[in-house]
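The next block holds one structure in the form of structure tokens; read it before the comments.
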Amino acid sequence: MTRDSSSGYQATREREDVQISRVLTWLSLAAALCLCGIGAKAWFSGHNNHAMTLWAFVLPVLANMIWFARTGNRDVQKGGLLIIVSVLFTYLIASGGESNTGPLWFYVFPPLLFFLTNLKTGTMILLLVYLVAVVVFQYPNLPFVLGEYESDFKIRFFVTLTFESIFCFVLEASRLKARNELLELALTHEHAAKTDELTGLSNRRDILNRLSEEFSRYQRSGRHFSIALIDLDLFKTINDQYGHNAGDAALKQFANLVQSVIRQTDVAARWGGEEFLVLLSDTSLIPALTLAERLRAEVAKASFSFQGQNLPITMSAGVCSIAQIDSIDSMLKQADIQLYSAKTAGRNRIAPRVRSQKPDIQNEPSA
């Protein structure tokens with residue numbers, strides 16, 4: 001199980017994205033109100049052009065909020081807000097704002113930037129911001145540059161902005177490291193909670209959850225599924241004669257063989273002891289019996305060994321399809337009944353019985 005394929009990891013990422021979008025929505029609303037307020041102050045102070053420009057920025061902020069509310073596209077929400085803020089801050093440093101205080105708003109930019117992007121992208125955009133600031137400060141005679149700044153202000157601005165940017169970078173890097181470590185820990189616990197430690201297959205709790213999900217899908221769409229309840233024949237003899245370490249080795253080898261025979265869409269689980277259960281998605285009874293018989297034949301001819309000793313391993317299985325049953329419990333009971341039938345009929349066979357396809361298959365013909 002990889003981190004990206006983990007359901008828990010995906011759920012965590014989804015919750016994070018939802019939280020970020022919620023924060024950005026409130027930030028956008030706060031920014032619109034702030035622009036309206038500062039614009040009103042500038043208007044009453046006689047800076048009419050500056051006020052009109054600030055009010056104009058309210059429109060794209062609101063448009064970005066409306067677009068996200070309609071589409072739910074988080075990437076567009078982040079990208080749109082980032083572009084709006086970047087253009088706004090460029091205007092403020094070029095125009096000087098009121099009394100040449102426009103550049104002070106840049107201190108809001110680094111934490112917002114790292115919040116909206118990743119460390120690499122945020123650093124690149126910050127370098128671009130620095131380049132814009134250098135151009136504005138060094139070439140005050142450019143047509144779009146209206147602000148006039150003293151040398152001391154320029155030095156202090158760059159020093160303090162650099163310190164803040166580094167501080168935000170370090171904090172964000174630490175936060176991401178702690179977050180990833182927690183996610184890895186959660187993934188490890190999730191994997192352990194779903195996996196049998198010895199065989200690496202799904203455990204009983206996980207396969208029951210999958211059966212429940214598959215049954216719900218069957219009720220919604222009518223797509224059939226089947227199960228095969230498998231027991232290794234006379235396994236107690238293996239433990240008694242060769243030792244429990246040999247028995248554990250046989251279980252591991254059997255688990256690997258099962259994984260090589262079933263499809264990627266199927267799920268194999270250790271049901272308990274030497275019993276296993278295979279969930280066959282989108283499979284009716286006859287194909288399920290065919291697969292179970294193929295697995296039985298592969299086990300019968302496979303070489304199970306431990307420390308140079310051959311281990312006589314065969315399997316019996318009971319197969320049941322959801323078409324025959326109305327609940328998961330009934331399905332498991334029916335599979336158990338079929339398994340018992342296979343055991344009492346002589347072991348090393350599948351129940352219900354299927355006609356042999358190969359000479360080494362010992363099943364009797366169907367009645």
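The values are calculated or read from the model by the stated rules, or taken from the named source; none is laboratory data. What you are looking at is a predicted structure, and each value in this text was computed from that prediction instead of being measured. Positions of Cβ are backbone-derived with ideal geometry, glycine not excepted, and every protein chain shown enters the neighbour counts. The accessibility values were calculated without ligands, DNA or RNA, using every heavy atom of the protein model including side chains. Shrake-Rupley method; radii C 1.70, N 1.55, O 1.52, S 1.80 Å.
Go over the candidates LEU92, LEU119, LEU126 one by one and state the one that is under 38 Å from the mean Cα position of the chain (by Cα) and open to solvent by less than 30 Å² (accessible area, probe 1.4 Å). Walk me through how you get there before you give the answer.
Numbers: LEU92 fails: under 38 Å from the mean Cα position of the chain (by Cα); LEU119 fails: open to solvent by less than 30 Å² (accessible area, probe 1.4 Å).
The conditions single out LEU126.
What number of residues in the stretch 315-353 are without any contact (Cβ under 8 Å) to a residue 12 or more places away in the chain, among the charged types (D, E, K, R) and part of a helix (DSSP H, G or I)?
2
May I ask you to say which residue of ILE84, ILE66, ILE38, ILE20 is under 32 Å from the mean Cα position of the chain (by Cα), of a type outside the set (Lys, Arg) and closer than 28 Å to VAL159 by Cβ? I'd like the intermediate steps shown before the answer.
On the way: ILE66 fails: closer than 28 Å to VAL159 by Cβ; ILE38 fails: under 32 Å from the mean Cα position of the chain (by Cα); ILE20 fails: closer than 28 Å to VAL159 by Cβ.
None of the other options fit; the residue is ILE84.
Among the numbered conditions (1) more than 16 Å from VAL319 (Cα to Cα); (2) open to solvent by less than 20 Å² (accessible area, probe 1.4 Å); (3) of a type in the set (Lys, Arg), tell me where LYS252 comes up short.
LYS252 satisfies all of (1) more than 16 Å from VAL319 (Cα to Cα); (2) open to solvent by less than 20 Å² (accessible area, probe 1.4 Å); (3) of a type in the set (Lys, Arg) except (2).
For every residue, the table says whether it meets (1) within 18 Å of the chain's Cα centre (by Cα); (2) assigned to a helix (DSSP H, G or I).
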{"residue": "SER165", "(1), (2)": "no, yes"}
{"residue": "VAL170", "(1), (2)": "no, yes"}
{"residue": "ASN180", "(1), (2)": "yes, yes"}
{"residue": "GLU184", "(1), (2)": "yes, yes"}
{"residue": "HIS191", "(1), (2)": "yes, yes"}
{"residue": "LEU198", "(1), (2)": "no, no"}
{"residue": "ILE207", "(1), (2)": "no, yes"}
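Quick check: is even one residue across the stretch 41-62 open to solvent by less than 80 Å² (accessible area, probe 1.4 Å), assigned to a helix (DSSP H, G or I) and touching a His at 6+ places or on another chain (Cβ under 8 Å)? Talk me through it step by step, then tell me what you get.
Residues of the stretch 41-62 that are open to solvent by less than 80 Å² (accessible area, probe 1.4 Å), as a first pass: 42, 45-48, 50-51, 53-54, 56-58, 60-62.
Filter once more, so that each one left must be assigned to a helix (DSSP H, G or I): 42, 48, 50-51, 53-54, 56-58, 60-62.
Imposing the further condition that a residue be touching a His at 6+ places or on another chain (Cβ under 8 Å) reduces the set to 42.
Yes, because at least one residue in the stretch 41-62 is open to solvent by less than 80 Å² (accessible area, probe 1.4 Å), assigned to a helix (DSSP H, G or I) and touching a His at 6+ places or on another chain (Cβ under 8 Å).
Restricting to the stretch 129-155, and then to whatever is small (Gly, Ala, Ser) and at pLDDT 85 or above, can you tell me which residue is nearest to the chain's Cα centre (by Cα)? Steps first, answer last, please.
Step one: filter the stretch 129-155 for residues small (Gly, Ala, Ser), giving 133, 147, 151.
Still in the list and also at pLDDT 85 or above: 133, 151.
Values: ALA133: 40, SER151: 51 Å.
Going through the qualifying residues, I end up with ALA133.
Against the conditions (1) modelled with pLDDT of 90 or more; (2) hydrophobic (A, V, I, L, M, F, W, C); (3) crowded, with 17+ Cβ neighbours inside 10 Å, where does ILE166 fall short? Just the number, please.
(3)
Residues of the stretch 228-244 being within 40 Å of the chain's Cα centre (by Cα) and either in a strand (DSSP E or B) or of a type in the set (S, T, N, Q) (or both), which ones?
Once the filter is applied, which keeps residues that are within 40 Å of the chain's Cα centre (by Cα) and either in a strand (DSSP E or B) or of a type in the set (S, T, N, Q) (or both), the stretch 228-244 yields ALA228, LEU229, ILE230, ASP231, LEU232.
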